[in-house]
Amino acid sequence: MSAYILDVAMLPGGWARAVRVSVDAAGWITGVEPDAAPHPDDQHLRGIVIPGMANVHSHAFQRAMAGRAERGGTGDFWRWRDVMYALAARLGPDALRAVAAHLYAEMLEAGYTAVAEFHYLHAAVDDDGPRCMSAALVDAAADAGIGLTLLPVLYQRAGFDGGPLAPAQQGFALDTARYLALLDALAAKHNAQMTTGVAFHSLRAVDAAALNEVVAAIDDDTPVHIHVAEQRREVDDCQQHLGARPVQWLLDNQPVDPRWCLVHATHTDPGELEGIVSRGASVGLCPSTEANLGDGFFALEHFEALGGRWAIGSDSQVCIDPTEELRWLEYGARLQAQRRCIVSSAQAPHAGARLYRAALAGADGLLGRRVGAIAPGYRADLVALDDRHPLHAGLDGDARLDCHVFASPPRTVRDVICGGRWRVRDGRHEHIDALAHAARSVQGAFDA
């Protein structure tokens, strides 16, 4: 057992001072006591302490191509994929581990404390390939000390017409039997910091029979993630081949419920949004990537009015900052509506605080563990903000979260506790130099 004393903390019931948080040896919160007297062995977490953010959608390997697909010839999503395929073909387990470990350390420095890794680099040339590539990500998360939900991806065909995978996609392929065997092998490795879920790349990449077989084989509490309706072309092709829009097809044919994360859902109609809300599913929004790829705007204002659940992810890794994802999300809605403070209301007047709380709540249930609150039964994931910056002077409560989201100075995250362990002090991850050195060596080989 250990305990932390927090100067000011955001608890489920509101802001509190002198909060004592007790943590067991596995990293779970066992007690939360406001207005507490510190014990001699308590560790002091200064400043403004908020729950760590969950990153619900990550392709770690794509960090190695961030900024390297911004030139002529990659002008749409489908051309961008060619650059991504070329990188994927060059990644083995050691390189993947190096890239991912440094990325995960960067996430911790930014205030992400849990990540759902949407993993399709199986390099499936033999039975060991998928397990080696998955193990590389498990090791990378352990190197950095972040909470990992590994989501092996089922990826079997090139498009809705059932055509075979292109040569560049062959390393993503697994038949259904081998996929289920991989899930079983990974489940045996679950520990306090790592769990698993399932992921389907998209309806264009997996047919109904395979999707049904996997869903029938998993437990009722297993997280299920899928890319859906990211591009208009995908929506049109789905209507042509399946007779329905992608989200509507899922709602009509799958047991979509609160464990489901529909990633992107950019091109959805009002009826589909109502269906998502009625099932209690969350939408995984990745605003920086959706902007980078020119996907379009998610209908945030309408979804919020319906009471929809959403969370955020870093996706292609062009941005490793949860506050920037939240800003992009709100700013996109403002540009569409041509007015300010879209998500705020009379009940929640602070836009930044509303965004942060909504993203925390929307992720709870999507990672196979309780995250996103400073409360008993949740992971001890604590982020301390630097309150010494002049921008924070005179602010209290939710006004501080507004400042954090909309006017963050550089390196506003000072300290990070993840799974009960201190990982970031004074803005720097405990192993950042060594992890950066390994990642630079890999990056240099890619760019040679």
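Every read-out reported here was derived from the displayed coordinates using simple, explicitly stated rules and does not represent laboratory data. The structure displayed is predicted, hence computed values, not measured ones. No Cβ is skipped: glycine too gets one built from the backbone with ideal geometry, and neighbour counts run over all protein chains shown.
Worth a mention:
- Sequentially through region 189-204, phi angles give Karplus couplings (6.51, -1.76, 1.60; θ = phi - 60°) of 9, 3, 8, 4, 10, 9, 9, 9, x, 10, 9, 10, 4, 4, 5, 6 Hz, Gly and Pro residues having no value and appearing as x.
- Close amide H partners of Trp260, meaning residues 5 or more places away or on another chain with modelled amide H under 5 Å apart, are Val224, Ser282.
- The angle between the Cα long axis of helix 128-144 and the main principal axis of the chain comes to about 20°, on a 0 to 90 degree scale.
- For region 155-163, Karplus couplings with θ = phi - 60° (6.51, -1.76, 1.60), whole Hz, Gly/Pro x: 8, 10, 9, 7, x, 4, 7, x, x
- Full-extension gain in nm, Asp269 to Arg425, via 0.36 nm per residue minus C-alpha separation: 51.7 nm
- Angle in degrees between helix 351-363 and the longest Cα principal axis of the chain, rounded to the nearest 10: 60
- Potential lengthening between Leu335 and His302 on full extension [0.36 nm per residue; Cα-Cα distance subtracted]: 10.4 nm
- Only Cα pairs under 8 Å and 6+ residues apart enter the sum, and on that basis the relative contact order of the chain stands at 20 percent.
- Amide H contacts for Thr266 (H built 1.01 Å from N in the peptide plane; partners 5 or more residues away or on another chain; cut-off under 5 Å): Glu230.
- In terms of surrounding Cβ atoms within a 10 Å radius of their Cβ, Cys132, Cys286, Cys403 rank from fewest to most as Cys132, Cys403, Cys286.
- For region 1-119, share of DSSP beta bridges that run antiparallel, in % to the nearest 5: 60
- Within the chain, percent of DSSP bridges classed antiparallel, to nearest 5: 45
- Thr196 long-range amide H proximity, modeled H, under 5 Å: Leu150
- Model label points for Ser278 and Ala434, set 7 angstrom from Cα along the Cα-to-Cβ axis, are 5.4 nm apart.
- Sequentially through region 267-283, phi angles give Karplus couplings (6.51, -1.76, 1.60; θ = phi - 60°) of 9, 10, 9, x, x, 5, 4, 4, x, 4, 5, 5, 8, x, 6, 10, 9 Hz, Gly and Pro residues having no value and appearing as x.
- The separation of region 377-444 from region 225-270, counted between C-alpha centres, amounts to 35 Å.
- Within a Gaussian network of the chain (alpha carbon springs, distance under 10 Å), most fluctuating of Ser316, Ser58, Ser344: Ser344
- Filtered trypsin sites (Lys or Arg not before Pro), region 282-362: DSSP coil and at most 16 other beta carbons within 10 Å: Arg339, Arg340
- Residue with peak Gaussian network fluctuation, the chain [Cα springs, cutoff 10 Å], from Leu103, Leu391, Leu186: Leu391
- Folded to 0 to 90 degrees: helix 232-242 orientation relative to the chain principal axis, Cα: 50
- Among Val206, Val198, Val283, residue whose mean-square fluctuation peaks in a GNM of the chain (springs only between Cα atoms under 10 Å): Val206
- Within-15-Å neighbourhood charge of Gly394 [Cβ basis; K, R +1; D, E -1]: -2
- The relative contact order of region 165-241, computed from alpha carbon pairs under 8 Å that lie at least 6 residues apart in sequence, is 30 percent.
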